[in-house]
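Enquirer: Before anything else, here's the structure in question.
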Amino acid sequence: GGAVPHRLPALFDGVGVQAALKLAIDEAVDDAGVVRDSASDGLGEVRFAKRELAAAVRKSLAELVAKKGDSVLANRLPTLRADRFVLQVVAKQKHRVPGVVRDVSGSGQTLFIEPKEVEGANTKLRQLARREQTLERAVLQALSKRVGAPAVALELEALHSAVTKVDLAAARARYAAAVGGVPVRFSDHRAEGVALQGLLHPLLLQPAPSEPVERGDVVAQDYELPPHARAIVITGPNTGGKTVALKNLGLAVLMAKAGLWPVCSEPRGRSLSADASPSAVAAVPWFDAVMADIGDDGQSSHARSAEIHPRSAEVP
């Protein structure tokens, strides 16, 4: 009825949105999850000093590269090993670049040498990096403490639950609009049974979310099961559509229980009247469970047939 559109906003009644906490997080952490310079006293200064020193190291290494030449270097570009700037030196020429070997290539032909000219600066860079990490961790710990406070955590859980329900409802609505689904009326199984007219298999209609909805090649199927029926036997040749018919009905029932609208079109051979309501097209009882016993891995999209193995079972 008319009250249905108001159910989703009502989910947020009495739920705190934690605006102050959100503002604190936004001010401390950027969209990429990086702690901002302004989030802590001294963090911006440490990062500035780190950038300036790193630039000075790169300049010193560039001067060494220009002096040594290509005969000494395996690659003219400086790189990092263990957070220290190094040069890539031909192994046979290592005596021409005094310093500490920080790594060796897989072939053994290249040595990653930290020239003695930049050892002190590299050590200072590592100290600055550790200081930066300490300050960042302090910011994140403070935010985590606020988020983890019992009262705040309870409100965030309630907010998360409400947002999830709205998100799921929106996703169901978008799917129904994209494929042309119809609402389902849960019928009284003792009086009506199953009535699905012109039902289309959803995976044949749209094999993947990235693919367009194609109705042209999908054959619609009508399902009219009387309330007194306890079992239905489907017969026919291989690849005749028996498995698709079973899967189509099972999927429609599961979709209805999940709040997803199945795709029904006009029944074959007759047209719905102009004033027919959508609920007249799709009606199923509330099934407690949907069970299948499939013999092989038959796939509807590959036109493969699947054996249905009968099993004895007590029916209440």
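The numbers here are math on the coordinates, done by the rules we state, and not lab data. The structure displayed is predicted, hence computed values, not measured ones. Neighbour counts are summed over all protein chains in view; Cβ atoms, including those assigned to glycine, are modelled from backbone coordinates with ideal geometry.
Enquirer: Tell me, what HN-Hα J-couplings in whole Hz come from the Karplus equation 6.51 cos²θ - 1.76 cosθ + 1.60 at θ = phi - 60° for each residue of the stretch 128-141, using x for Gly and Pro?
Expert: Here the 3J(HN,Hα) series is 5, 5, 5, 5, 4, 4, 4, 5, 4, 4, 4, 5, 5, 5 Hz.
Enquirer: Same structure, new question: Once you've got the GNM for the chain with C-alpha springs shorter than 10 Å, pick whichever of I25, I232, I113 has the biggest mean-square fluctuation.
Expert: Evaluated over the chain, the most mobile residue of the options is I232.
Enquirer: Per residue Cα convex hull volume for the stretch 6-157, in cubic angstrom?
Expert: Dividing the Cα hull volume of the stretch 6-157 by its residue count gives 167 Å³.
Enquirer: OK, next. Just to confirm the number: angle between the C-alpha axis of helix 242-257 and the first principal axis of the chain, 0 to 90 degrees, nearest 10?
Expert: 70 degrees
Enquirer: Tally Lys/Arg at +1 and Asp/Glu at -1 over every other residue whose Cβ is under 11 Å from the Cβ of V104; what's the total?
Expert: With Lys, Arg at +1 and Asp, Glu at -1, the neighbours total +2.
Enquirer: Could you give me the ³J(HN,Hα) list for the stretch 19-24, computed from phi with Karplus coefficients 6.51, -1.76, 1.60 and θ = phi - 60°, whole Hz, x at Gly and Pro?
Expert: Couplings: 4, 5, 5, 4, 4, 4 Hz.
Enquirer: Taking +1 at the Cβ of each Lys and Arg and -1 at the Cβ of each Asp and Glu, which of T164, V182, S144 sits farthest along the dipole of the stretch 141-200 towards its positive end, judged by Cα position relative to the Cα centre?
Expert: The one lying farthest along the dipole's positive direction is S144.
Enquirer: In degrees, nearest 10, range 0 to 90: what is the angle between the Cα axis of helix 43-68 and the longest Cα principal axis of the chain?
Expert: That helix lies at roughly 60 degrees to the long axis.
Enquirer: Would you work out which of A129, I113, F85 lies farthest towards the positive end of the dipole of the stretch 83-158, given +1 charges on the beta-carbon of Lys and Arg and -1 on that of Asp and Glu, about the Cα centre?
Expert: The residue sitting farthest along the positive end of the dipole is I113.
Enquirer: Under 15 Å from the Cβ of R172, count the other residues' Cβ atoms, weight Lys and Arg +1, Asp and Glu -1, and hand me the total.
Expert: +3
Enquirer: Still on this structure, please answer the following. Quick one: net charge of R131's neighbours, Cβ under 13 Å, K/R +1, D/E -1?
Expert: So the surrounding residues net to +2.
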